[in-house]
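The structure appears right after this line, and notes come after that.
Bear in mind that the values in this text are calculations on the coordinates, not laboratory data. Computed from a predicted structure; not experimentally measured. Cβ: placed from backbone, ideal geometry, glycine included. Neighbour counts: every protein chain shown.
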Amino acid sequence: MPDRPTRPRTPAAALLTVPGPPTAQAAAQVVALVAVLAVPLAFAVDAVAGAVAALVLGGVTLARVLILPGSLQALLGTALLLAGAASVTGLYETLTWVDVPAHLVVTGLVAAAAGVVLLRAGLLADPGTRAGRAGVAVATAAVGVALAVAWEVAEWAGYTYVDESIYVDYGDTVGDLAAGAAGSAVAGALVARWAR
């Protein structure tokens, strides 16, 4: 597994630390800046847009606090920003096919982040062996699938208890779960390869 990053000494340092090559560091910093600036802009539109932007910023901040590799921070932050923008602008309703790649990419990147965190915590098998790499791949994929299921349950709860305008139907749910599972499987393979 690549070297474990040194934990910053202060909370402020944790928010500014981005491991990796300079290009990955710069990309992660730009994505974080866009996420911060998006919050007041979104609240200027309406409260729902502001809440979505705040949720995206929370994801970007969590990736930073977990000291994920800079390239993963940049990719995950970009995917979250695009998914949030698609939600706020109604793109999922006007171009319904956008939902599937969004679930594939976002779930895959979240699964990859979870796999990296589990590896660093020593909770996965030794990736130095073939069996260990298989275990890393399967565990990473399983976490992604579990998170995809949790997301679909949250969508259903939102539709049932909060707002009936949240689009939920059987075909959408199954398609989202299939896309999330596929993204998670790819993430598992990539994390296992990265870890060796």
Margin query: Can you give the local net charge around residue 190? Use residues other than it whose beta-carbon is closer than 12 angstrom to its beta-carbon, Lys and Arg +1, Asp and Glu -1.
Written below: +3
Notebook entry, point to check: Taking Cα atoms, how many degrees apart are the long axis of helix 99-120 and the longest axis of the chain, rounded to 10 and kept between 0 and 90?
Noted result: 30
Next item on the list: Return one number: the angle in degrees, 0 to 90 and rounded to the nearest 10, between the long axis of the Cα atoms of helix 70-89 and the longest principal axis of the Cα atoms of the chain.
Entry: 10
Next item on the list: Would you mind classifying segment 51-94 by shape? Square roots of the alpha carbon gyration tensor eigenvalues, ordered a ≥ b ≥ c; an a/c under 1.5 is rounded, otherwise it is prolate if a/b is larger than b/c and oblate if not.
Entry: oblate
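Order 38-48, 180-190, 142-152 from most to least packed using the mean count of other Cβ atoms within 10 Å. Numbers along the way, then the final one.
On the way: 38-48: 13.9, 180-190: 22.7, 142-152: 18.6.
Answer by packing, highest mean first, reads 180-190, 142-152, 38-48.
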Next item on the list: Could you let me know the centre-to-centre spacing of segment 97-134 and segment 135-176, using Cα atoms, in angstrom?
Entry: 17
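Rounded if a/c is under 1.5, else prolate if a/b is larger than b/c, else oblate: which is the chain, with a ≥ b ≥ c the root eigenvalues of its Cα gyration tensor?
Values: a/c = 2.26, a/b = 1.26, b/c = 1.80.
Note, shape of the chain comes out oblate.
Could you work out [θ]222 nm for the chain from helices alone, using -39500 (n - 2.57) per DSSP H run of at least four and dividing by all its residues? Round to the nearest 500 deg cm²/dmol.
Details: 8 runs with 149 residues, N = 196.
-26000 deg cm²/dmol, from helical runs alone.
So between residue 85 and residue 146, what do we pick up on full extension, going 0.36 nm a residue minus the alpha carbon distance?
Numbers: separation 61, 0.36 × 61 = 21.96 nm, distance 2.45 nm.
Stretched fully, the residue 85-residue 146 segment lengthens by 19.5 nm.
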Check: Among 142, 81, 18, whose Cα sits farthest toward the positive end of the charge dipole of the chain (+1 at Cβ of Lys/Arg, -1 at Cβ of Asp/Glu, about the Cα centre)?
Finding: 18
Notebook entry, point to check: Which of the listed residues, 45, 158, 125, is farthest toward the dipole's positive end in the chain, when Lys, Arg count +1 and Asp, Glu count -1 at the beta-carbon?
Noted result: 125
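Taking 0.36 nm per intervening residue step and subtracting the Cα-Cα distance, what contour gain separates residue 178 from residue 161 on full extension? Mind dumping the intermediate values first?
Values: separation 17, 0.36 × 17 = 6.12 nm, distance 2.50 nm.
Gain on stretching residue 178 to residue 161: 3.6 nm.
Rounded, prolate or oblate: which fits segment 1-89 when a ≥ b ≥ c are the square roots of the eigenvalues of the alpha-carbon gyration tensor, with rounded for a/c under 1.5 and prolate only if a/b beats b/c? Display every interim value, and only then the final one.
Values: a/c = 2.65, a/b = 1.99, b/c = 1.33.
It is prolate, given that a/c is not under 1.5 and a/b is the larger ratio.
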